[in-house]
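Here is the structure we will look at.
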Amino acid sequence: MITTSKGIAPSVESASAPSRRATRTGLEVRLAARPDGLPALGDFDLAEVAVPDPAPGQVLVRNLFMSLDPGMLMLMTGESGLPMPRYEIGEVMYGDAVGEVVASGDPSLSEGDLVVHRMGWREYALAPAGAYRRVDKGAYPTPSTHLGFGLVAYVGLMDAARLRPGDTVFVSSAAGATGSMAGQIARLKGAARVIGSAGSPAKVAHLTGKLGFDAAFDYHDGPVADWLREAAPDGIDVYFDNVGGEQLRAAIEVMNVHGRIAVCGALNRQRTARPDDGPGDLLAVLGKRLTIRGFTLGDHLERAAEFGPQFRAWLRDGAIVYEETVIDGLAEAPRTLLDLVGGAYTGKTVVRIAS
Ligand SMILES: NC(=O)c1ccc[n+]([C@@H]2O[C@H](COP(=O)([O-])OP(=O)(O)OC[C@H]3O[C@@H](n4cnc5c(N)ncnc54)[C@H](OP(=O)(O)O)[C@@H]3O)[C@@H](O)[C@H]2O)c1
């Protein structure tokens, strides 16, 4: 159950400047309780707070869209294992968002500017100007595309997996935000064969139909290693791992000598809230001289400068399909996050906070 507390408990931002005039109110989502196991709706709290005008140096942004990432579930729990701060009980959660400047106390940003930042899970963000990055309003047909995970897929392939032309690439959770980008970008960067796994027949058809994967299978349908041997008779060179668990172990079995595995995500763990069984016996890793490399986007942000123009060109030329699931209303964000990990959506899932 989501509880709504109106007009009480000021946000962090308003608490830091209580004397400033508040001309607006806005909703925000806080962590209500630290989940024991899988998060539930009762672990979120929706509150309405006063939103002060910006002080000198600050900028007030009305959020248009926020990004949802399964990793947020891990930030709700005690030890996420992720290289970012966990959510604290009673505090607003954070995450990527794109919004429009509505009032600026700093000359670097003006009313109407479009900005991306890390203060999702709220209708209004108020922070020093340096917390925002201005983006081109005309870059994409909708501002939500700025929240896409194409760059995540790109650095996973290029930096962690060191993709080479002619590689056979396997992507798990391939119909999702990161996976759908990884499969298509692998092809655009020269992969000879791209294989994807997903959790339903409809998603599998989508992969080989609209997204142009060479082969795809439903990971629920029998041993993953058997599917991989059939889909990749010459073995796998690169595995883009969003999942862990059985799919990681199966990929190791079917990898070629000097194969490279980019560990992007941990959906197996995120869906069950239990530790993953891991890659299993490492003898195959030794014997085949495999590389298993975890990565996070934050270590590779310099790639944005080369990726942005390429991505926009691919979109313009119809070379890449970019898909979103858009859910309306900040109040729906907690349920949407839980449904996301349950497999409800395809493409990138965003919440439209305002339009
Ligand atoms: N390294 C980084 O910098 C970085 C950045 C962003 C995201 N990530 C991580 O990358 C992963 C993918 O994120 P995303 O936003 O692209 O999610 P996503 O794939 O769009 O959505 C989650 C999907 O997970 C699938 N799923 C859940 N449990 C599964 C399991 N045990 N095995 C296979 N699929 C499962 C579900 O689809 P099915 O119907 O197919 O089961 C669901 O559609 C997450 O772990 C996320 O935290 C990492």
* **Neighbour cut-off at most 15 other Cβ (10 Å), DSSP loop, GluC sites (Glu not before Pro), region 81-185** => E88, E91, E111
* **FRET efficiency, 1/(1 + (r/R0)^6) with R0 35 Å, evaluated for A22 and A202 via beta carbons** => 0.15
* **Separation of the E111 and D218 label points, Cα + 7 Å toward Cβ, nm** => 5.4 nm
* Per the 1.4 Å probe, what fraction of the accessible area of the chain, in percent, lies on carbon and sulfur atoms? -> 53 percent
* Asked: Which value, in Å², gives the accessible area per residue of the chain when a 1.4 Å probe is used on the protein heavy atoms?
  -> 42 Å²
* To do: Multiply the residue separation of V326 and A139 by 0.36 nm, subtract the distance between their alpha-carbon atoms, and state the gained length in nm to one decimal.
  => 65.4 nm
* To do: With runs of 4+ DSSP H residues as the only contributors, calculate the mean residue ellipticity of the chain at 222 nm using -39,500 (n - 2.57) per run, divided by the residue total and rounded to the nearest 500.
  => -7000 deg cm²/dmol
* Once label points are set 7 Å from the Cα along Cα→Cβ at both K288 and E302, what is their separation, rounded to one decimal in nm? -> 3.2 nm
* Asked: What percent of all Cα-Cα pairs in the chain falls in each 20 Å bin, counting up from 0?
  -> 30, 55, 16, 0
* Return a whole-number percent for the relative contact order of the chain, with Cα pairs under 8 Å and 6 or more residues apart as the contact set. => 16 percent
* Asked: Going by average Cβ neighbours within 10 Å, how do the peptides 259-271, 326-338 rank, with the highest at the top?
  -> 259-271, 326-338
* Asked: How much length, in nm to one decimal, is gained on full extension between A192 and D339, taken as 0.36 nm per residue of separation minus their Cα-Cα distance?
  -> 49.5 nm
* Asked: If the chain between D36 and D159 were fully stretched, how many nm would it gain, using 0.36 nm times the residue separation less the Cα-Cα distance?
  -> 40.7 nm
* For L211, what is the net charge nearby, where nearby means another residue's Cβ is under 11 Å from its Cβ and Lys, Arg count +1, Asp, Glu -1? -> +1
* Rank these residues by their accessible area, most exposed first, probe 1.4 Å: R293, R122. => R293, R122
* To do: Calculate the dipole size of the chain relative to its Cα centre from +1 charges on Lys and Arg beta carbons and -1 charges on Asp and Glu beta carbons; express the result in debye to the nearest 20.
  => 480 debye
* Asked: At q = 0.16, 0.18, 0.28 Å⁻¹, what log₁₀ I(q)/I(0) does a Debye calculation on the Cα points of region 293-355 give, no solvent, two decimals?
  -> -0.81, -0.93, -1.01
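The values are calculated or read from the model by the stated rules, or taken from the named source; none is laboratory data. Only a predicted model underlies this, so the values are computations on that prediction, with no experimental measurement involved. Note that each Cβ is placed from the backbone with ideal geometry, even for glycine, and that neighbours are counted across all protein chains shown. Keep in mind that these areas ignore ligands, DNA and RNA; they rest on the heavy atoms of the full protein, side chains included. Shrake-Rupley method; radii C 1.70, N 1.55, O 1.52, S 1.80 Å.
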